[in-house]
Amino acid sequence: MISNIFYMLKLMFKVSPMLVIGEITEHILKTLPGKLISVIGLKYIIDEVTNGGDVKNVVIGIAAILLILVVSEVGNSIFFELFVHREREKLDLGIQSTLYKKAAQLDLSKYDDPGYYSDFILAVEMSSDNIKYILQNVKYYVGEIISFLTISAVLLTIDPVCLLIVLTSVAIFIPVGRYTGNLMNKRRTEITEKHRKGDYFSRLFYLRDYAGEIRTGGLFGLLDRRFSESADDIVSTQDKYVKKIDKIFFVQETSIQVIGFMLALTLYIGYRTLVTGDMTAGDFVATFNGAVQIGGGVLYLTVYG
């Protein structure tokens, strides 16, 4: 899977390098400021207020936070509207052109191989969706890694023990996250195959080439039953996976949130804030928010990455 992702990235970079770089950069600039503000920004504001700081500093801090958020949102919107739409179309056309050239070079014997031909048709039909899926995963993956490293560095400066508690809490459940991710990939594969079958029957109803045969041959009832069976099969497949995935998500989320963050981390930073006085109220909020951000990032990297 990893080799396939790198192959697709290499192909996408060859067609539109600015889109690959731009989308990754856009995602980082869109998500990282908000995460850092929830950690560093709130810490600054809370510490200024609780320590009786100058109101002017508080106002400047809030204004700076709002300015960063506005600039980030506006900049990303402009980038998306003026650049991404055009480059995505260019990328789709470039990938499809590559596949068509490959089709023209195929040995005719390949068309007699049902497995090879089916896989090739699937690659052509789903090239656009797969491009979006891979690019989205890559930019989210890179963004979460950068966010993870940045916020971890912030927590390390506040209290290394807090970072250790956070990392230990999420590390325990990484195997569970990987198992969940594998289940979701298997579900996606099965659903895609079943959708192909349903799409085949649905096309027969409206394509001109088959309209006459359906009416004269009395095939409507048979095709309608096949389409309904395909739709029921898709729903039953979703039900099969949803029950498993929901249970695992419940265990994983409640364990990380309740045992790791709500219990162990909160008790530790609460003790250092209220009893020993080694941490400020801003440190408390920054550490807890940072833990939530790291937990969410690790969840994405293990389950969806």
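Could you report region 134-177's accessible area per residue, 1.4 Å probe, as an integer in Å²?
Value for region 134-177: 45 Å² per residue.
Ranked highest first by the average count of other Cβ atoms within 10 Å around their residues, in what order do 293-299, 275-281 fall?
Numbers: 293-299: 22.0, 275-281: 12.4.
So the order, starting with the most tightly packed, is 293-299, 275-281.
Using a probe radius of 1.4 Å on heavy atoms only, what accessible surface per residue do you get for region 1-76? Whole Å² is fine. Display every interim value, and only then the final one.
On the way: 4640 Å² over 76 residues.
Spelled out: the 1.4 Å probe surface of region 1-76, per residue, equals 61 Å².
The values are calculated or read from the model by the stated rules, or taken from the named source; none is laboratory data. Note that the structure is predicted; figures quoted are calculated from it, not measured. Cβ sites come from the backbone with ideal geometry, for glycine too, and all protein chains shown count toward neighbours. The accessibility values were calculated without ligands, DNA or RNA, using every heavy atom of the protein model including side chains. Shrake-Rupley method; radii C 1.70, N 1.55, O 1.52, S 1.80 Å.
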